[in-house]
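None of the figures in this text is laboratory data; all of them are computed from the coordinates on show. Model, not experiment: these values are computed from the prediction. Glycine gets a Cβ as well: all are built from the backbone with ideal geometry, and neighbour counts include every protein chain shown.
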Amino acid sequence: MKGAHEVLVSASILNADFSRLDRVVHKMERAGADRLHLDVMDGNFVDNITFGPDIVAAFRRLTEMPLDVHLMIAEPARYMDRFIEAGPQTISFHVETAESAERKTEAIEAIHAAGQGAGLAVSPDTPVSAVDPWLDELDVIMIMSVHPGWGGQGFIPETAPKIAEARARLGRAGRGGLVHVDGGINSKTAELVGTHGIDVCVVGSALFQRGSDASDEVELVKQRALRGYAAASAAVR
Ligand code: DX5
Ligand code: ZN
């Protein structure tokens, strides 16, 4: 029998107070987040600039939580060794980047050689089928539900069915890969991504709202996503 469906929360620290990353990390641990999602931006693939491998390594020293690196950089293969060295659990990069298919394959192989999980991220205007050449090698498909670049944007509902497409592909590949959804996820949007079978909800700004409790939000996102999953499963029965 298949085990019960599980939904995890990966906390994106993009909208946190960068002057006290230690506090941010411990707040996310206390809030019950399962993983940390680290958004790397280069001002080229996206307009915004955030941080590089040294900061990922600093997060590694601060916590034992699993780290998911999300590279929004134009040349992920070029910098891959340094991100691998920083020691995250997974590294995902964008399938839309201009590096060749061979370079992408090499980058995925390098991630695996280090014992880490490899992922491809898919922007809102890109079909999920773009990841098909690498499907058998993927531990993560990251469905972007906002245009990459900034935290705090509104969820794009049209992207939600791509979660189910990615889930079906990973199921067929049989590697146990997980679908992450990234952008605009909160207790209101979680149910919809749940109906499409989401595995990992990336939650950013919703965890850093003044006056609201991050642990309540983590719990609500999981509950609502599971409620969506249960409703969708009942409907097809
Ligand atoms: C967007 C980033 C996301 C984002 C999530 O480019 O990849 O990880 O920070 O934050 P919210 O949940 O605020 O959309
Ligand atoms: Zn992200």
* Taking segment 201-225 only, how many residues are within 16 Å of ligand 2 (Cβ to nearest atom) and crowded, with 24+ Cβ neighbours inside 10 Å? -> 7
* To do: Scan segment 89-108 for residues that are assigned to a strand (DSSP E or B) and either among the aliphatic types (A, V, I, L, M) or surrounded by fewer than 21 Cβ atoms within 10 Å (Cβ to Cβ) (or both) and jot them down.
  => Ile91
* Asked: Is it the case that Lys188 is surrounded by 19 or more Cβ atoms within 10 Å (Cβ to Cβ) and away from ligand 2 (no atom under 16 Å from the Cβ)?
  -> no
* Out of all the residues in segment 109-138, which are assigned to a loop (DSSP other than H, G, I, E, B) and within 16 Å of ligand 2 (Cβ to nearest atom)? -> Ser123, Pro124, Thr126
* Taking segment 31-57 as the region of interest, how many residues are touching a helix residue (DSSP H, G or I) at 6+ places or on another chain (Cβ under 7 Å), farther than 22 Å from Ile143 by Cβ and among the small types (Gly, Ala, Ser)? -> 2
